[in-house]
Amino acid sequence: MVKKMNEIYRDFPILNQIVNDERLVYLDNAATSQKPKEVIDAVSNYFLRDNANVHRGVHTLAERATEQFEQTRFKVRNLINAKSEREIVYTKGTTEGLNWVAVSFGTQVVKSGDEIVVSYMEHHSNIVPWQVLCEKTGAKLKYVKLTKNGELDFEDAKEKITAKTKIVSIAQASNVMGVVNPIRELTKLAHENGAYMVVDGAQSLPHMKVDVQDLDVDFLAFSGHKMLGPTGIGILFGKMELLERMSPLEYGGEMIDFVKLDHSTYKEVPWKFEGGTQNIAGVIGLGAAIDYLQDVGYEEIEKKEHGLVEYVLPKLLKIDGLTVYGPKEPDKHTGVISFNLDGIHPHDVATALDMEGVAVRAGHHCAQPLMKYLKIPATVRASFYFYNTKADADQLIEAISATKEFFKHGTI
């Protein structure tokens, strides 16, 4: 049954509360999304009815748990249009997925004198693993510049990605600038130069349809908790031939085939990467989250979020002393909008907005190289999701006005 937008708000009970004597407006979705009742119920029902370890048991509870656990793998395959469910590996989240690619795959293909290309807008999780790989191998890390309005400079990308490039790793959507990057074109450029394409999908999978075969990416990592699922569960997609080349990073139970006294053999992809007891409840919750997102429909999600940005961004741009970072055109934005108020520290702005019931994020957003590039220490970030409303946007605008008034006159 397809979800209707006017029915969605009631599916998120956490949103129906008062914070600091004000109606809660949750605009920190880029950090983590809220969970609908269907996801909460799926996790709860697993513990109430099916709690058992997967793959190991032949009793009924174990079989039911295993069926749900593996069913989510099929749901992810269908969600991103992977060729096989075996290209879907469970991780803790985007960070772990990117680290696995850097450590297990990167060490095979990168050597001294090679280059790895990222951009200035990357999250630390898509910078630090490549820094470490470069330190270990003697490779060089290069950064693609941004245009004046905060978009990735594709002309600079064409200069930075060369025959020396072995890996290109770019976020599909920025967690600060609110821009969507041209992944298909970047992938084509990388492949033409003999490089592999890695994509940070943490900020894209919750908001837009992603087709890994159409994009032709080699690896894609994303997190469940930003797309209605539980924390501690993520996905690493990799093309089968590349995953088969990678070695496991954890050894022990679940991932083994046979263990002898002097050597061991491992299971096939993807199970060779999933050592130990997995986050079974998280996997089942992610499956329920995917069901919910598909019931709503990505077309509707994008339409709703675009409408919200189209509504609120012009209002923000009209506020005297407020600077928006990234594109000023709504059609170039995801639901992420970062801004600053002149003369007021971002942390003070976020605290003041919280007193008005509006939850936003303030800081460097795990993107310190981007902050340095923009020549600022931090920003305030309001990030919308499809369950937000125009009333939420209005409350944000009113709260910003109240914040300006307070820091000007000392009263709200």
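The values are calculated or read from the model by the stated rules, or taken from the named source; none is laboratory data. Bear in mind the structure is a predicted one, so any value in this text is a computation, not a measurement. Every residue, glycine as well, gets a Cβ built from its backbone with ideal geometry; the counts of neighbours run over all protein chains shown. Heavy atoms of the whole protein, side chains included, go into the accessibility calculation; ligands, DNA and RNA do not. Shrake-Rupley method; radii C 1.70, N 1.55, O 1.52, S 1.80 Å.
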Unit charges on C-beta of K, R, D, E only; dipole of the chain, Debye: 580
Would you mind calculating the relative contact order of region 312-412 from Cα pairs under 8 angstrom and at least 6 residues apart, reporting the percent as a whole number? 27
Kirkwood Rh, the chain, all Cα pairs: how many Å? 22.4
Accessible surface of ILE376 - all protein chains present, 1.4 Å probe, nearest 10 Å²: 30
Top to bottom by accessible area (1.4 Å), largest first, where do THR72, THR137, THR265 land? THR265, THR137, THR72
Run the accessible area of region 317-403 with a 1.4 Å probe and give the carbon-and-sulfur part as a rounded percent. 52
Leaving ligands, DNA and RNA out of it, report the carbon-plus-sulfur percent of the accessible area of region 11-124 at a 1.4 Å probe. 50
Not counting ligands, DNA or RNA, and with a 1.4 Å probe, what is MET371's accessible surface area in Å² rounded to the nearest 10? 10
Peptides ranked, highest mean first, by Cβ atoms within 10 Å: ranges 216-229, 42-55, 284-297: 216-229, 284-297, 42-55
Cα centroid separation - region 52-100 against region 116-142, whole Å: 29
Calculate how large, on average over all directions, the projected area of the Cα convex hull of region 1-132 is; give the answer in nm² to one decimal. 13.5
Calculate, for region 151-232, the solvent-accessible area per residue in square angstrom, rolling a 1.4 angstrom probe over the heavy atoms of the protein chains. 30
Of the candidates LYS390, LYS209, LYS37, which one comes out as most mobile in a Gaussian network treatment of the chain with C-alpha springs shorter than 10 Å? LYS390
Under-5 Å amide H pairs with LYS142, H placed in peptide plane, nonlocal only: ILE116, VAL117, VAL118
Most positive-pole-ward Cα, PHE219, ALA139, TYR292, against dipole of the chain from beta carbon charges: ALA139
Semi-axes, largest first, in whole Å: what does sqrt of 5 times each Cα gyration tensor eigenvalue give for region 264-386? 36, 21, 15
Using a 1.4 Å probe on the protein heavy atoms only, what accessible surface does HIS263 show? Give it in Å² to the nearest 10. 90
Specify the inter-centroid distance of region 13-37 and region 223-248, based on alpha-carbon positions, in whole Å. 27
Suppose R0 equals 60 Å; then what is the FRET efficiency for GLU244 and PHE406 from their Cβ-Cβ distance, rounded to the nearest 0.05? 0.55
Per-residue accessible area, 1.4 Å probe, largest first, puts TRP100, TRP271, TRP130 in the order TRP271, TRP100, TRP130
Can you give me the % of accessible surface on region 214-292 that is carbon or sulfur? Probe 1.4 Å, all protein chains present, nothing else counted. 52
Could you give the spread of the C-alpha atoms of region 148-231 along their three principal axes, from largest to smallest, in whole angstroms? 41, 30, 20
At most 12 other Cβ within 10 Å, DSSP loop - GluC sites (Glu not before Pro), region 30-104: none
With an 8 Å cut-off on Cα pairs and a minimum separation of 6 or more residues, tell me the relative contact order of region 196-353 in percent. 16
Averaged over all directions, how much area does the convex hull of the C-alpha atoms of region 181-290 cover when projected, in nm²? 8.1
Which number comes out as Rg/Rh for region 323-406 once both Rg and the Kirkwood Rh are worked out on C-alpha atoms? 0.95
Per-residue HN-Hα couplings for region 97-112 [Karplus 6.51, -1.76, 1.60; θ = phi - 60°; Hz; x = Gly/Pro]: x, 5, 5, 4, 5, 5, 7, 8, 9, x, 5, 7, 10, 10, 9, 4
For the chain, modelled as a Gaussian network with Cα springs under 10 Å, which listed residue fluctuates most, SER169, SER383, SER125? SER125
Accessible area in square angstrom per residue, region 279-335, 1.4 angstrom probe: 39
